[in-house]
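My structure is below; once you've seen it, I'll send some questions.
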Amino acid sequence: MKTFNDEIENIGRLSNRAPIFDGIVNEHKYLSSNIKLMWILKDANSTGEDESYDLREAINTLKRDYGIRKDWENTFRNIIYVTNGILNDASWEDIPYPKDDPSTVDILQNIAFINVKKVGGGSRSKENEIYNHYQKYKAILFEQIDEFNPDVIIFGNTYRYFKEDLGLNQMNIFGSCHATVKDNRIYLSAYHPNARIKEKVYFDDIMTAYNAFRKVSQNLYSERSFKEHIMNLTTEMDVLVKKIDNMQSKLINVQKFEKAADLRALKMKVLEAKRILS
């Protein structure tokens, strides 16, 4: 799967700042997950001048014996809880505090995590810089979304940048979280995970929104699902054609030409069906 490292490095050069790499934290675990979850935040807490680093590696090393790495705890504590809630279908009470059970942090290896701004932003995000960065480099953001193909996207106070370009349906309100679904993908617009909001409220609002639209999503037969099913069907037809060729060869070898001719006619029908589907 594409990493986008070259594109992000190029953004760093064009911005005259060190790039901050992002994407899928652990490709195997992300692709193996029943629910593919992507978080989209604003920018990294870095001056971005000479502090280039890889967020994927940083997230992989957040776990400590005492729970979460201290300087990342405020942002990632809520991300850990919500991610556990969605991927493990867990309630707030089911999820242990990371300081009591550091293995809770491991859930982050199942996510994709990207920032709107691919260079550092310092301790406080500058709204105009992020907006300008989005306008200039939004193509890579949409390429990442297409490539990683998440089932659920959580915007951490970033939906407003994407709103016009995504063209989603009207968002429904669930307390502090707004949500909708399109083409079988759930979009959740939440506060930044480090916002001044009670952690359980943050968790409950997102989970209420997610569960409401999960029921809707499960009942939709989207254009994306249709295309995937057509692709799977044509692949099966390719396998069938190869089997027919193999059977024809065996029949010809034993001089059963009439049956071989029947199989040739069957093969032509399969190829015609594949052409129609294509």
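The values are calculated or read from the model by the stated rules, or taken from the named source; none is laboratory data. These numbers were taken from a predicted model, which means no experiment stands behind them. Side chains included, ligands, DNA and RNA excluded: accessible areas come from the protein's heavy atoms. Shrake-Rupley method; radii C 1.70, N 1.55, O 1.52, S 1.80 Å.
In percent, how large is the relative contact order of the chain, given Cα pairs closer than 8 Å and 6 or more residues apart?
It comes to 20 percent, rounded to a whole number.
Take each uninterrupted DSSP H stretch in the chain, measure its Cα extent along the helix axis, and return the ones at 18 Å or beyond whose mean Kyte-Doolittle hydropathy is at least 1.6.
What comes out of the filter, once short or polar helices are dropped, is none.
Same structure again: In percent, how large is the relative contact order of segment 25-118, given Cα pairs closer than 8 Å and 6 or more residues apart?
About 53 percent, as a whole number.
For the chain, what does the helix formula give at 222 nm: sum of -39500 (n - 2.57) over DSSP H segments with n ≥ 4, over the residue count, nearest 500 deg cm²/dmol?
Dividing the helical sum by the residues of the chain leaves -16500 deg cm²/dmol.
May I pose another question? Among (1) 21.2; (2) 18.5; (3) 19.1, which is the computed Kirkwood radius over Cα pairs in Å?
Recomputing Kirkwood radius over Cα pairs in Å here gives the entry labelled (1).
Could you rank 192, 28, 229 by how accessible they are, 1.4 Å probe, largest area first?
28, 229, 192
Could you tell me what percent of the DSSP beta bridges with both partners in the chain are antiparallel, to the nearest 5?
45 percent
Determine which lysines satisfy two conditions relative to residue 259: a Cα distance under 21 Å, and not lying fewer than 8 residues away in the same chain.
242, 243, 250, 267, 269
Along its three principal axes, how long is segment 114-269 when you only count alpha carbons? Whole Å, largest extent first please.
Here the Cα extents, ordered largest to smallest, are 80, 34, 24 Å.
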